[in-house]
Structures are given as structure tokens and as C-alpha cells.
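Written out below as C-alpha cells is the structure these notes cover.
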Amino acid sequence: MAGGSLGQRNASAFNAELRRLDSPAACKALFSASIAPYGFDTFACGEVDLADRDRAVFYIIDRPDAWTRFYVGSGMIDRDPLIDALNTRREPFTWSDLRADRTMARVGRASIEAAAAAGWIEGLVVPLPTIGTRAGLISLAGHREIADPGIRDYLCLIAICLHTHVRTLVASHGFALPPMGLTEREIASLRLVARGKSDAAIAKELGVAVSTAHEFVEKAKRRLKARTRAELVATAASFGIIDI
């Protein structure tokens, strides 16, 4: 079809509107409105290190608070079948695809069936391979199967647009959950480390003792599994936690 498929043209229009938005909250509202007509009413967007799931960030979570508390508090991320699938799947996939996979672990199958019992009968996961063992992902869940391949393509395209854009905003506007458990003071210290500030300079900037500033940086290093300040800054920047 001249000028691209309908899905591509609609995705282009979505992307143009998305690029005018300057906050994760506004992006969340636009994406939610765009996926709702196709039966999807919840989603999450972020990035995870498949080799070390403690190193995960959520840019947007549009899911019930009770679900979020359960997911984080129970350590579900360590056995999430959708994240497990990212080890072998590089293309978008649905929950139906996973149900048909006989190699999926029993706990993963049980998780999907539990979600179905709660009314989410279908999901769509759009992975974005990044560096090494890391992967970005957008995960949608809803109450209707995707019958039209064109709709699936459209949803994948706008999901990629969302992830790419919102990733540039969270360092300034904040995350859906504290990234890798970092506190606001630890993130503030990280930004100052990225500017080449010493512990003494960080302490002066934040109005704390030098020993406290040093501890902020050391805690940030432990959370991000970084051995040096240079590695700390590089890791934080690569996950979109800080801008440099």
C-alpha cells in the first residue's frame, strides 16, 4: 500500500503526538488511551539485566497498586515467565505463544493462568535488546486476544516508540519505582559524581556531612553492582537513571 500500511501510518501519528509530550505521566495517559480499544488495560515499561535481575528499572507501571506491591514484594521478577522468555525470544510474543511452548516452566505457566483467572487473558511483550544481557521491554495485558496481525504490528510499533521516548524523560521526572532501590539522595549523589564532584563537594551541595555523602555513593555502588565511580556513572547512565 502506498505510503505504508495503516498500522505504520497510525503508529507514525502516535509517535508524532508522543514526541510533543514532556512527562512520563502524559506518555502513560496517551499510551493507555491508544491500547484500550484493542482490549489492553494495563502495561509496564522498563529495562532489566537478565543475568542480574536486581538491576531492573521501571519507567512506567500502569497496573493496580496491589499487583505492583505483590510483584515487587514477593520477588516475582526472579521467576517472571515473561522475563524468562527474553533469554530466548528477541521478537514480540504473546501469552498465547508462551502457553503453546511446552518447554515453559510449571511456575511460569501457573503465573499466566493466575493472571487469566484475574481477567487478563492475553498479553503482548515487546522486547528491545540493548547491551549484553540487558533488555528493554514493554509488557501489555488485557482481556481480549489479538486476532488481527495488523493490530499486533501497530501495538508493537507504538510500544517501541513509548519505550524510546519515555526513557529520555525519567531521569528528570522520576521513575515508577525507585530504580534498583536507589533513594532520592543516592540518585542526587550519582548526578554529582557524574559531574566529577568529590565527596566533600557532594556533601556541600546536599547539605550533609562528608561521611554521609560518601555513604550515599557507596550505597549506590552496591545497588548498581558497580566497583568504581566510573562504572557507577556508566551503569546509571546506560539504564537512564541519570543524564550525562
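The values are calculated or read from the model by the stated rules, or taken from the named source; none is laboratory data. Bear in mind the structure is a predicted one, so any value in this text is a computation, not a measurement. Neighbour counts run over all protein chains shown; Cβ positions are idealised from the backbone, glycine included. Side chains are part of the model used for accessible areas, which takes the heavy atoms of the whole protein and leaves out ligands, DNA and RNA. Shrake-Rupley method; radii C 1.70, N 1.55, O 1.52, S 1.80 Å.
A few points about this structure:
- Where a residue in region 133-162 is open to solvent by 40 Å² or more (accessible area, probe 1.4 Å) and its partner, wherever it lies, is assigned to a strand (DSSP E or B), with Cβ under 6 Å and at least six apart: Thr133/Asp49; Glu145/Glu122
- Every residue from region 42-93 that is modelled with pLDDT of 90 or more and open to solvent by 60 Å² or more (accessible area, probe 1.4 Å): Glu91
- Filter pass, Leu192 being out of contact with any strand residue (DSSP E or B) (no Cβ under 7 Å at 6 or more places or on another chain), open to solvent by less than 40 Å² (accessible area, probe 1.4 Å) and more than 19 Å from Val57 (Cα to Cα): yes
- The conditions of being at pLDDT below 95, surrounded by 14 or more Cβ atoms within 10 Å (Cβ to Cβ) and part of a loop (DSSP other than H, G, I, E, B) are met by Asp101.
- Residue match in region 107-125 (condition: within 26 Å of Ala234 (Cα to Cα) and modelled with pLDDT of 75 or more): no
- Inter-residue pairs, beta-carbon under 8 Å, first within 16 Å of Leu21 (Cβ to Cβ) and in region 167-180, second among the small types (Gly, Ala, Ser) and part of a helix (DSSP H, G or I), 6+ apart: His173/Ala25
- Residues being within 23 Å of the chain's Cα centre (by Cα) and either crowded, with 16+ Cβ neighbours inside 10 Å or outside any loop (DSSP other than H, G, I, E, B) (or both) - total across region 195-233: 10
- Tally of residues being closer than 17 Å to Val233 by Cβ and in a helix (DSSP H, G or I) across region 173-194: 12
- Cβ-Cβ distances below 7 Å connect the following pairs, each with a first residue in region 42-56 that is under 13 Å from Asp80 (Cβ atoms) and free of Cβ contacts under 8 Å to residues at least 60 places away in the same chain, a second residue that is among the hydrophobic types (A, V, I, L, M, F, W, C) and surrounded by fewer than 21 Cβ atoms within 10 Å (Cβ to Cβ), and a separation of six or more residues or different chains: Arg53/Ile77.
- Condition met for Ser12 (at pLDDT 95 or above, assigned to a helix (DSSP H, G or I) and over 16 Å from Thr168 (Cα atoms)): no
- Residue within region 170-181 that is modelled with pLDDT of 95 or more and open to solvent by less than 50 Å² (accessible area, probe 1.4 Å) present: no
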